[in-house]
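Visitor: Quick one: the structure is below, questions incoming.
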2 protein chains.
Amino acid sequence: MTQSYDELKPSPRVLLGPGPSDASPRVLKAMTTPMLGYLDGEFIRIMDGTVGLLRQVFGTANRLTLPVSGTGTAGMEAALCNVVEPGDAVVVGINGYFGGRIADIVQRCGGVVTAVEAPWGSAIRVEDVAAAVKSANPKLVAIIHAETSTGVLQPLDDISQVVRESGALFLTDCVTSLGGQPVDLDRRGIDIAYSGTQKCLGGPPGLAPISFSDRAVEAIHNRADKVQSFYLDMNLLEAYWSGETRTYHHTVSMSLVYALHESLRVVLEEGLDARYARHERNAKALVAGASAIGLKPIVGEGFRAPMLTTIDIPDGIDDVEIRNRLIDDFGIEIGGGLGIFKGKAWRIGLMGESSTQRNVLLVLSALEKLLADAGHKLEAGVGVRAASEVFSQA
Amino acid sequence: MTQSYDELKPSPRVLLGPGPSDASPRVLKAMTTPMLGYLDGEFIRIMDGTVGLLRQVFGTANRLTLPVSGTGTAGMEAALCNVVEPGDAVVVGINGYFGGRIADIVQRCGGVVTAVEAPWGSAIRVEDVAAAVKSANPKLVAIIHAETSTGVLQPLDDISQVVRESGALFLTDCVTSLGGQPVDLDRRGIDIAYSGTQKCLGGPPGLAPISFSDRAVEAIHNRADKVQSFYLDMNLLEAYWSGETRTYHHTVSMSLVYALHESLRVVLEEGLDARYARHERNAKALVAGASAIGLKPIVGEGFRAPMLTTIDIPDGIDDVEIRNRLIDDFGIEIGGGLGIFKGKAWRIGLMGESSTQRNVLLVLSALEKLLADAGHKLEAGVGVRAASEVFSQA
């Protein structure tokens, strides 16, 4: 048996991977708030307040909006398993790892997947969605807003229109985008969306904000059979989170709700538009600096998710060695590639609290040093200079 | 839309309900530890250390031991949905609310339930389990160790023997018992067990420690089809938590893992035997004091779970009014009845950090005052005196 009685003393990190990002100190402090009972009137007011803040960030008036007691993947599963019944046709956009995960979960729910594919690093094309919707006549169309494996930000407005016209429900995965780019559920006509707390919301992982339109709720209420998951059954969660009498379902994590509440306060105090602009500015500076030191972004301009930049690892550069030295010498975490991008891409996240001018300059300086050590001929400071130019223009 | 920009300032509480219990200040502080990446070598060492501590508290050498990223109910679902395949026969002991929940989840997994029932407040009888096992020839037998709805502590040794002889897998729900009473998986031959962090472990809710014997793991590996839940698929969780190469599955909540690690340190520093004895002593004093003020325990001696005492609400006493006054006047939460015990039972938890001599005397004093206010003729201090006698004998 492993024994470990020592207090935890992890080394300080600057988290510039695909999430978790650095949590706001205010959020960490909020977690020291003592427990409350799950039916305590004071806790129910905190739940209601948290849901109210969440609606603002989601851009929705959806009544059924709440944080699921699990991580982003639990949100994905809750979004799908409540709506998809055995035999249901589901169109899934797959242009990266997480689109594949959606398809996997749909199949575990007994749904029949029609995949709309695009190469990793590209966006899904609206005409391909239109063709699939026409042939499959789906109950649900699922699209990822920001693909965490590729750094593609998917244009949603045209696809939304196609889906709405077909009468299908429109689901978007906002795990990586929420709080860093507008998701605007109601304006876009998105029926189902979910996210995680540890990316652009700047909190710890552990909760999955989720929202269902009234049409989606109706689909859940009209199911022929029970939802296959009890834990994620929105009928039961609805009764606890928004029912007239709050009916016990499970003991939600007060600490994580406190943390989410505080992280949403931080988000809204900054202001959504200012926050989106900050994510865009820092990403633009990162891309300029990276290009200057010979690191090419994988995603074409206009489709880059500003919270997650993917970089083509140059020939002759050892992926793992560079990432290990970033951790060991600089305390900086960036992400490696996932799936077919393993060993080929770096994923540099600038999410929430981690999206700062300081971190852009820091990671560029560190990468420049490590590339120079690996024999790349670089004019000293060229990356930082290119990034700084973007900041001065802003 | 509800707006809430205010900082959270909940009133102080003494949590003597069915969970959450008061979290240790050390545990709350541990949650302020900054995030680490989910594949950071330092985080993986923390995961390994946490699992090592967890094995000690579970009393097992089971390799597949880890905290599921959800609450106790997620643990219940993970325990069942990985093992139960469509058509599988499952014997479920039902003598309270949570036995019924197990049966519900088994059915959502396509399993066929044979219920072994006992009245609420009584234990399941071994001869009834033996008869059900004989007739149903189940793959799995599921029994609740401490029924959180009734306060019954189920004797497990005889049932375990019956189940082992049948060749079925033996599952026990240890949500309320773990850390407050010995669960001793290996000694008892329990194949599958799960718990929550917010009861006798003294942490915040949000994780569900779980453990599978090698036989149970084999059953999972030999499934005909994929587990219906991706999020709770132990094949994938196993690869992340204990695989040679830690394969990404979901972003676990660092903060909750830090909290669990610290709460397990607190548990093991006290020592398991000392901790069990403390829970027993305080429950004994509570029962003595409650009886002295006319509050009868529902569960017979010898079957009382020391972390949760259920009380028969006396005739003429308004359940909700008393509980509201406990909260409003004293800041004390006790639990109301669940299911058929609604309005009929109080559930007084003395779990983890909440199980103290101080809290016993406090809740008895408060209840005595409120009963006197409601017209019960009581000699002042009689409850506290009876409890104090138990403490002096200890």
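The values are calculated or read from the model by the stated rules, or taken from the named source; none is laboratory data. The structure presented is a predicted model; accordingly, all values stated were derived computationally and were not measured. Glycine also receives a Cβ, built like all others from the backbone with ideal geometry; neighbour counts cover every protein chain displayed. Quick note on the areas: whole protein, heavy atoms, side chains included, nothing else; ligands and nucleic acids left out. Shrake-Rupley method; radii C 1.70, N 1.55, O 1.52, S 1.80 Å.
Visitor: Tell me yes or no: at least one residue of the stretch A:252-269 is touching a helix residue (DSSP H, G or I) at 6+ places or on another chain (Cβ under 8 Å), surrounded by fewer than 24 Cβ atoms within 10 Å (Cβ to Cβ) and free of Cβ contacts under 8 Å to residues at least 40 places away in the same chain.
Guide: Within the stretch A:252-269, not a single residue is touching a helix residue (DSSP H, G or I) at 6+ places or on another chain (Cβ under 8 Å), surrounded by fewer than 24 Cβ atoms within 10 Å (Cβ to Cβ) and free of Cβ contacts under 8 Å to residues at least 40 places away in the same chain.
Visitor: With the requirement that a residue be touching a residue at least 40 places away in the same chain (Cβ under 8 Å) and either touching a Pro at 6+ places or on another chain (Cβ under 8 Å) or open to solvent by 10 Å² or more (accessible area, probe 1.4 Å) (or both), what does the stretch B:335-354 give you?
Guide: Passing the criteria: B:Gly335, B:Gly337, B:Leu338, B:Gly339, B:Ile340, B:Phe341, B:Arg347, B:Gly349, B:Leu350, B:Glu353.
Visitor: Quick one: which residue in B:Leu308, B:Leu286 is over 29 Å from B:Gly49 (Cα atoms) and in contact with a Gly (Cβ under 7 Å, 6 or more places away or on another chain)? Spell out the reasoning first.
Guide: Values: B:Leu286 fails: in contact with a Gly (Cβ under 7 Å, 6 or more places away or on another chain).
One residue alone meets the criteria, B:Leu308.
Visitor: Name the residues in the stretch A:14-39 that are of a type outside the set (A, V, I, L, M), open to solvent by 40 Å² or more (accessible area, probe 1.4 Å) and farther than 30 Å from A:Gly335 by Cβ, would you?
Guide: Listed by number, the list holds a single entry, A:Pro34.
Visitor: Across the stretch B:292-303, what is the total count of residues that are over 16 Å from B:Ile317 (Cα atoms) and outside any loop (DSSP other than H, G, I, E, B)?
Guide: Within the stretch B:292-303, residues that are over 16 Å from B:Ile317 (Cα atoms) and outside any loop (DSSP other than H, G, I, E, B) number 1.
Visitor: Here's another thing I want to ask about it. Does A:Asp158 satisfy the condition of being among the charged types (D, E, K, R), under 29 Å from A:Gly339 (Cα atoms), open to solvent by less than 20 Å² (accessible area, probe 1.4 Å) and touching a helix residue (DSSP H, G or I) at 6+ places or on another chain (Cβ under 8 Å)?
Guide: Spelling it out, it is not the case that A:Asp158 is among the charged types (D, E, K, R), under 29 Å from A:Gly339 (Cα atoms), open to solvent by less than 20 Å² (accessible area, probe 1.4 Å) and touching a helix residue (DSSP H, G or I) at 6+ places or on another chain (Cβ under 8 Å).
Visitor: Could I ask something else about it? Taking the stretch A:322-339 only, how many residues are outside any loop (DSSP other than H, G, I, E, B) and within 14 Å of chain B (Cβ to nearest Cβ)?
Guide: 12
Visitor: Going through A:Ser122, A:Ser149 one at a time, which residue ends up being in a loop (DSSP other than H, G, I, E, B), crowded, with 19+ Cβ neighbours inside 10 Å and among the small types (Gly, Ala, Ser)?
Guide: A:Ser149
Visitor: Criterion first (away from every other protein chain (no Cβ under 14 Å), at pLDDT 95 or above and surrounded by fewer than 23 Cβ atoms within 10 Å (Cβ to Cβ)) does A:Tyr276 satisfy it?
Guide: Against the criterion (away from every other protein chain (no Cβ under 14 Å), at pLDDT 95 or above and surrounded by fewer than 23 Cβ atoms within 10 Å (Cβ to Cβ)), A:Tyr276 qualifies.
Visitor: If a residue must be under 30 Å from B:Pro25 (Cα atoms) and in contact with a Phe, Trp or Tyr (Cβ under 7 Å, 6 or more places away or on another chain), how many such residues does the stretch B:338-394 contain?
Guide: Total meeting the criteria: 3.
Visitor: Among the candidates B:Gly96, B:Gly121, single out the residue that is away from every other protein chain (no Cβ under 14 Å) and within 15 Å of B:Leu308 (Cα to Cα).
Guide: Criteria check complete, one pass: B:Gly121.
Visitor: For the stretch A:206-218, indicate whether the set of residues that are touching a residue at least 24 places away in the same chain (Cβ under 8 Å), out of contact with any strand residue (DSSP E or B) (no Cβ under 8 Å at 6 or more places or on another chain), more than 21 Å from A:Ala142 (Cα to Cα) and open to solvent by less than 50 Å² (accessible area, probe 1.4 Å) is non-empty.
Guide: The answer is yes; a qualifying residue exists.
Visitor: OK, next. Residue by residue through the stretch A:1-39, note down the ones that are outside any loop (DSSP other than H, G, I, E, B), more than 30 Å from B:Gly17 (Cα to Cα) and either at the interface with chain B (Cβ under 7 Å from one of its Cβ atoms) or of a type in the set (S, T, N, Q) (or both).
Guide: Our first condition is that a residue be outside any loop (DSSP other than H, G, I, E, B); within the stretch A:1-39, this holds for A:14-16, A:25-30.
Within this subset, residues satisfying the condition of being more than 30 Å from B:Gly17 (Cα to Cα) are A:14-16, A:25.
Passing the criteria: only A:Leu15.
Visitor: Identify, by number, the condition in (1) more than 20 Å from B:Leu232 (Cβ to Cβ); (2) in contact (Cβ under 8 Å) with a residue 40 or more places away in the chain that A:Ala277 doesn't meet.
Guide: Going through (1) more than 20 Å from B:Leu232 (Cβ to Cβ); (2) in contact (Cβ under 8 Å) with a residue 40 or more places away in the chain one by one, A:Ala277 breaks only (2).
Visitor: So, one more: Inside the stretch A:363-392, can you point out the residues that are free of Cβ contacts under 8 Å to residues at least 24 places away in the same chain, closer than 14 Å to A:Leu286 by Cα and in a helix (DSSP H, G or I)?
Guide: Passing the criteria: A:Ser365, A:Ser392.
Residue-wise test of (1) farther than 21 Å from B:Asp22 by Cβ; (2) among the charged types (D, E, K, R).
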position	(1), (2)
B:Glu244	yes, yes
B:Met254	yes, no
B:Leu264	no, no
B:Ala277	no, no
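Visitor: Please go through the stretch B:184-205 and pick out each residue that is open to solvent by less than 10 Å² (accessible area, probe 1.4 Å), within 14 Å of another protein chain (Cβ to nearest Cβ) and more than 30 Å from A:Ala259 (Cβ to Cβ).
Guide: The one that is open to solvent by less than 10 Å² (accessible area, probe 1.4 Å), within 14 Å of another protein chain (Cβ to nearest Cβ) and more than 30 Å from A:Ala259 (Cβ to Cβ): B:Leu185.
Visitor: Could you check how many residues of the stretch B:40-83 are in contact (Cβ under 8 Å) with a residue 60 or more places away in the chain, open to solvent by 10 Å² or more (accessible area, probe 1.4 Å) and more than 8 Å from chain A (Cβ to nearest Cβ)?
Guide: 4
Visitor: Can you tell me which condition A:Cys109 does not meet? The list is (1) under 26 Å from A:Gly336 (Cβ atoms); (2) in contact with a Cys (Cβ under 6 Å, 6 or more places away or on another chain), and all the others hold.
Guide: Against the list (1) under 26 Å from A:Gly336 (Cβ atoms); (2) in contact with a Cys (Cβ under 6 Å, 6 or more places away or on another chain), A:Cys109 comes up short only on (1).
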